[in-house]
1. Could you pull out every residue, at least 5 positions away or on a different chain, whose amide H is within less than 5 Å of the one on Tyr47? Hs are placed 1.01 Å off N in the peptide plane, and Pro or chain starts have none.
2. Taking amide H positions as placed 1.01 Å from N in the peptide plane, with prolines and chain starts having none, which residues 5 or more places from Val179, or on another chain, fall under 5 Å of its amide H?
3. Can you give me the Cα centroid spacing of segment 32-46 and segment 141-167 in angstrom?
4. How much of the accessible area of the chain, probe 1.4 Å, is carbon plus sulfur, in whole percent?
5. Expressed as a rounded percentage, what relative contact order does the chain have, with Cα pairs under 8 Å and six or more residues apart?
6. Out of Phe207, Pro156, Thr97, whose Cα points farthest toward the positive end of the dipole of the chain (charges: +1 Lys, Arg; -1 Asp, Glu; placed on Cβ)?
7. With every protein chain present, what is the per residue accessible area of segment 2-87 (1.4 Å probe, Å²)?
8. Taking the Cα atoms of segment 21-75, report the difference between the largest and smallest coordinate on each principal axis, in whole Å and largest first.
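The values are calculated or read from the model by the stated rules, or taken from the named source; none is laboratory data. The structure presented is a predicted model; accordingly, all values stated were derived computationally and were not measured. All Cβ positions, even for glycine, are placed from backbone atoms using ideal geometry, and neighbour counts span all protein chains on display. Just so you know, the surface numbers come from the protein's heavy atoms only, side chains and all, with ligands and any DNA or RNA stripped out. Shrake-Rupley method; radii C 1.70, N 1.55, O 1.52, S 1.80 Å.
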Amino acid sequence: MHNYIEKLHWRYATKQFDPERKVSEEDLETLLEAIRLSASSYGLQPYEVIVIKDPEVKAKLKPAAFGQPQITDSSYLLVFAYNTNVDEKYLDEFIKTNSETRNQPLEAFDGLRDMIKNSVLTFSDEVKEVWASRQAYIAIGNLLSAAAELKIDTCPMEGFNPDEFDELLDLKSKHLKSVALTTIGYRSDKDQLKDAKKVRKSNEELFTII
Ligand SMILES: Cc1cc2nc3c(=O)[nH]c(=O)nc-3n(C[C@H](O)[C@H](O)[C@H](O)COP(=O)(O)O)c2cc1C
């Protein structure tokens, strides 16, 4: 079996982390870079990630995640929150960053600007929020794979109350809404699920080859 696939078998949504084993800051930086390099629609990255290291903040958030122990036992809690302000101003900033990064005049990005203006900026708030959330999930997928590569455990989580998280982290004032979490740490030897076989659709069920 290819080494990468072996690592994807090794990873699982960790329920019980070892609170004594901490993921290093250096490894955390690598994982954050994997998030940062994730693909997104037009490259707009319409989300931010709140990286929570402070045990007190994690403890405060835990009840809003139905008391799931991963929140406090893991080394880091990442909150993925989409931007609610993807508007003309956001687009201007994005085009400016493109122009500066690639050392080209702003006008070189007129085509891109028009495409985004005629698509994303015409979405209703509801559609825009679904679209923005999807981009955040791509980053979560990347994070899980990158962590598996480093033999670091993760648990992606939707089991939390976004409104309560937004309130506790004061996200509204930053034009953000939380959509999913990921905890990062090392599995506990006691986690019964750590050796469980993967339950997945068969190739026939999942893939249509034409
Ligand atoms: C978007 C998403 C939300 C999830 N929410 C939770 C959660 O709140 N708590 C939890 O323990 N696991 C959660 N999971 C983990 C899934 O149950 C798990 O990924 C799935 O059963 C497949 O198993 P595996 O990841 O261990 O291979 C979530 C997974 C995803 C992708």
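1. Correct list: Asn83.
2. HN-HN under 5 Å from Val179: Phe80, Ala81, Tyr82.
3. 16
4. Answer for the chain is 51 percent, counting heavy atoms of protein chains only.
5. Relative contact order for the chain comes out at 37 percent.
6. Farthest along the dipole direction, towards plus: Phe207.
7. 52
8. Projected onto the principal axes, the Cα atoms of segment 21-75 cover 37, 26, 14 Å.
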